[in-house]
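Pasting in a structure now, in structure tokens, and then I'll have a few things to ask.
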Amino acid sequence: MQPQDVTILYRPVGPAELELIKQSGWKRFPPRLPEQPIFSPVMNEAYAIQIARDWNVPASGSGYVTKFCVQTAYLAQYEVQNVGAEMHNELWIPAEELETFNDHIVGMIEITQTFM
């Protein structure tokens, strides 16, 4: 697969979600909880840092930014959603489509930032 065939995405996570990612062999995101109807990876690291630092740390004591690649052709079906300032762009993946989304991850999910 060529670099132009994948899109880099980011996902801010807390320690519980990070443990489930680790248990998957760094290959998959865990199913959503019943009160979480969408999975929302973000389009840039600055936005992921903001969430991990400002939301995950107060909520759970630590926050992590994960980085991963997804097949660009697969992502074309999802519209980028802007939820605030210019940098606040994310995708909204319905919870019931997360397993298929996981199947289109290329390579490993990696941690790029840690906040305590």
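To the nearest 500 deg cm²/dmol, what mean residue ellipticity at 222 nm is calculated for the chain from DSSP H runs of n ≥ 4 alone, each contributing -39,500 (n - 2.57), summed and divided by the residues? Present the calculation step by step, with values, prior to reporting the outcome.
Values: 5 runs with 30 residues, N = 116.
Computed mean residue ellipticity for the chain: -6000 deg cm²/dmol.
Pop a pseudo-label 7 angstrom from the Cα along the beta-carbon direction at both Trp26 and Met108 and give the gap in nm to one decimal.
Placing both labels 7 Å along Cα→Cβ, they lie 0.2 nm apart.
If you don't mind, another one. State in Å² the accessible area per residue of the stretch 1-72; use a 1.4 Å probe, count heavy atoms of protein chains only, and round to the nearest integer. Mind dumping the intermediate values first?
On the way: 3690 Å² over 72 residues.
Ligands and nucleic acids excluded, the figure is 51 Å² per residue.
I would also like to ask the following. How much accessible area does Lys22 have with a 1.4 Å probe, in Å² rounded to the nearest 10?
110 Å²
Calculate the spin-label point distance for Trp55 paired with Ala16, positioning each point 7 Å from the Cα along the beta-carbon direction, and give it in nanometres.
1.5 nm
Now, a different point. Can you pull the percent of the chain's accessible area that's carbon plus sulfur, 1.4 Å probe, other chains left in place? Intermediate results must be reported in sequence, preceding the final value.
Working: 3450 of 6340 Å².
About 54 percent, which is the carbon plus sulfur part of the accessible surface.
Given charges of +1 on the Cβ of Lys and Arg and -1 on the Cβ of Asp and Glu, with all other atoms neutral, how large is the dipole of the chain about its Cα centre, in debye to the nearest 20? Please list the in-between numbers first.
Working: 7 positive and 14 negative charges, 68 e Å.
Computed about the Cα centre, the dipole is about 320 debye.
Ok, one more. Quote the FRET efficiency, to the nearest 0.05, computed for Gln81 versus Gln36 with a Förster distance R0 of 22 Å and r equal to the Cβ-Cβ distance. Write down the numbers at each step before the final one.
Details: r = 16 Å, r/R0 = 0.71.
The calculated FRET efficiency here is 0.90.
The values are calculated or read from the model by the stated rules, or taken from the named source; none is laboratory data. Computed from a prediction, not measured in an experiment: that's the story for all the values here. Cβ sites come from the backbone with ideal geometry, for glycine too, and all protein chains shown count toward neighbours. Ligands, DNA and RNA are stripped out before the accessible areas are found, and what is left, the full protein with its side chains, is counted by its heavy atoms. Shrake-Rupley method; radii C 1.70, N 1.55, O 1.52, S 1.80 Å.
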